[in-house]
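Single-structure report; data block below.
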Amino acid sequence: MKKLIIAAMLLVGAASFAQDADPPARPQKERMTPEERNERQLKKLTSELSLDANQQAQVKQLLADRSAKAEKLREERKAKKDSNVKPTAEERAAVKKQMEDEVAANDTKMKSILKADQYTKWKTLQQEKKDKMMDRMKDRRDENQ
């Protein structure tokens, strides 16, 4: 009887060490095409800002242009990364300046498309989105430490 209890305890102890220590990987989300992303974003903006048909058409064109530029920049960055060439400080500064210019241009275009109250609401939504992203980045940084 004593040997049976000891054998059972060893079996349970060995089984507990055999557990997988790594947490299960998150399932990969299916990637949307740029057109699907643009449509989803347009629907969201339409519902949140109450866009009329003319504004929807203009915002749709703006989203398509912005998406094409982003895809082009992503491809360039990927090509540089694949060639293992590290950008210099000047190149990084130039890319940062280019991104800031794109954001400013997008902001100007949205201001011309939207009415004043819609524009202020859009800016508020943008800031909330940015704050949420910063919080997630901070949480990830805290998890990794």
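The values are calculated or read from the model by the stated rules, or taken from the named source; none is laboratory data. What you see is a predicted model, and the numbers here were worked out from it, not measured in a lab. For neighbour counting, all protein chains shown are included, and Cβ atoms are generated from backbone atoms with ideal geometry for every residue, glycine included. Remember, those area values only see protein heavy atoms, side chains included, never the ligands or the DNA or RNA. Shrake-Rupley method; radii C 1.70, N 1.55, O 1.52, S 1.80 Å.
Could you check, for the stretch 3-10, whether at least one of its residues is modelled with pLDDT under 80 and of a type in the set (Gly, Ala, Ser)? Yes: one or more hits.
Where the second residue is part of a helix (DSSP H, G or I) and among the charged types (D, E, K, R) and the first is loosely packed, with under 10 Cβ neighbours inside 10 Å and lies in the stretch 78-107, which pairs have Cβ atoms under 9 Å and are six or more apart or on separate chains? That search, which allows pairs on different chains as well, returns LYS86/LYS80. Against the conditions (1) at pLDDT below 90; (2) more than 23 Å from SER112 (Cβ to Cβ); (3) aliphatic (A, V, I, L, M); (4) assigned to a helix (DSSP H, G or I), ALA93 satisfies every one except (1). Residue check: MET134 meets all listed conditions (1) of a type in the set (A, V, I, L, M); (2) open to solvent by 70 Å² or more (accessible area, probe 1.4 Å); (3) touching a residue at least 60 places away in the same chain (Cβ under 8 Å) but one, namely (3). In the stretch 115-124, the count of residues that are in contact (Cβ under 8 Å) with a residue 60 or more places away in the chain and open to solvent by 80 Å² or more (accessible area, probe 1.4 Å) is one or more. Looking only at residues in the stretch 30-66 that are under 21 Å from the mean Cα position of the chain (by Cα) and outside any helix (DSSP H, G or I), which one is surrounded by the most Cβ atoms within 10 Å (Cβ to Cβ)? Result: MET32. Residues that are not charged (D, E, K, R) and not in a helix (DSSP H, G or I) within the stretch 109-145 comprise LEU114, GLN145, listed in sequence order.
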